[in-house]
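Laboratory data are not the source of any read-out in this text; all were calculated from the coordinates shown. The shown structure was predicted, so the numbers you read here are calculated from the model rather than taken from an experiment. Heads up, the Cβs are rebuilt from the backbone with ideal geometry, glycines too, and the neighbour counts pull from every protein chain shown.
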Amino acid sequence: MSPLQRGGPGTAGERGLTLLEVVVVITILMVLAGAIMPVAKVGLKRQKELELRRVLRDMRNAIDEYHRYGSQGQIQSRDVDAEGYPPDLDALVEGVEQVGTLKKLKFLRRIPLDPMTGEAEWGMRSYQDDWDSRSWGRQNVYDVYSQSKGTALDGTKYENW
């Protein structure tokens, strides 16, 4: 009788895996998954940090642009305070009338979400506030910051960005 007809080990009649082989494969997969998870978490955090930097830059550019138009007298005086900064973030979205035209200037399409908190709530500072103030004086919006209490990959606090 040939080995193929007997159905012994190493023959074409052998089917499936032994319990030991299954345990070894599962162990290898668990080790690989355990090594990938921390890398994936850091990558996700880095992506959120990049998004936060972009959003802060966009909002600060919008505030600066509003200030530039206000300083040049191109925005209706009732919409601009003495320093030329917007009264709140909504003014950047709703827009203001440009002097001498019927054109409405809008500086943001919407108030963006803070990627760290997932909400459109931002800390704000007035021109009259201290540079590190955590309370908004409500005179105008000079600067914005994240209200997240988290720490970035570089060790800084998101609220200090």
If you average 1/r over all unlike Cα pairs in segment 105-153 and invert the result, what Kirkwood radius do you get in angstrom? 12.1 Å
Please compute the alpha carbon radius of gyration of the chain, then divide it by the globular-protein estimate 2.2 N^0.38 Å. Two decimals is fine. 1.95
The ³J(HN,Hα) series, computed from each phi in segment 121-135 with the Karplus coefficients 6.51, -1.76 and 1.60 at θ = phi - 60°, rounded to the nearest Hz and given as x for glycine or proline, is 9, 10, x, 10, 10, 8, 4, 7, 6, 5, 4, 10, 5, 10, 10
Going fewest to most other Cβ atoms within 10 Å around each Cβ, VAL55, VAL144, VAL23 line up as VAL23, VAL55, VAL144
Taking the dipole about the Cα centre of the chain, with the C-beta of Lys and Arg at +1 and of Asp and Glu at -1, give me whichever of MET59, ALA91, ALA33 is farthest to the positive side. ALA33
Given a 10 angstrom Cα cut-off, can you work out which residue in LEU105, LEU32, LEU52 is the most mobile in a GNM of the chain? LEU32
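Which of the pairs LYS106/LYS149; LYS48/LYS106; LYS45/LYS157; LYS41/LYS157; LYS48/LYS157 have their Cα atoms more than 21 Å apart in this structure?
Distance filter (> 21 Å) returns LYS106/LYS149; LYS48/LYS106.
Based only on other Cβ atoms within 10 Å, what is the fewest-to-most ordering of SER133, SER146? Please list the in-between numbers first.
On the way: SER133 15, SER146 21.
Ascending Cβ contact count within 10 Å gives the list SER133, SER146.
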Note the full-extension length gain between GLN47 and LYS103 as 0.36 nm times their separation in residues minus their Cα-Cα distance, in nm to one decimal. 16.4 nm
The set of residues whose placed amide H lies less than 5 Å from the amide H of ASP143, leaving out same-chain residues fewer than 5 positions away, is ARG125
ARG54 to ILE26: FRET efficiency via 1/(1 + (r/R0)^6), r the Cβ-Cβ distance, R0 41 Å, to the nearest 0.05? 0.50
Only helical DSSP H runs with n ≥ 4 go in: add -39500 (n - 2.57) per run for the chain, normalise by residue count and round the 222 nm mean residue ellipticity to 500 deg cm²/dmol. -13500 deg cm²/dmol
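On a full-extension model of 0.36 nm per residue, what is the gain between ARG110 and LYS149, subtracting their alpha-carbon distance, rounded to one decimal in nm? All intermediate terms of the calculation are to be shown ahead of the outcome.
Numbers: separation 39, 0.36 × 39 = 14.04 nm, distance 2.38 nm.
Working it through step by step, the gained length comes to 11.7 nm.
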Please report, in debye to the nearest 20, how large the charge dipole of segment 20-160 is about its Cα centre when each Lys and Arg carries +1 at its beta carbon and each Asp and Glu carries -1 there. 360 debye
Which one of GLN47, VAL141, GLY123 has its Cα pushed farthest toward the positive end of the charge dipole of the chain, where Lys and Arg give +1 and Asp and Glu give -1 at the Cβ? GLN47
Going by how many other Cβ atoms sit within 10 Å of their own, how do MET59, MET30 line up, fewest first? MET30, MET59
Sequence-distant or interchain residues sharing an amide H contact under 5 Å with ILE75, placed H: which? VAL99
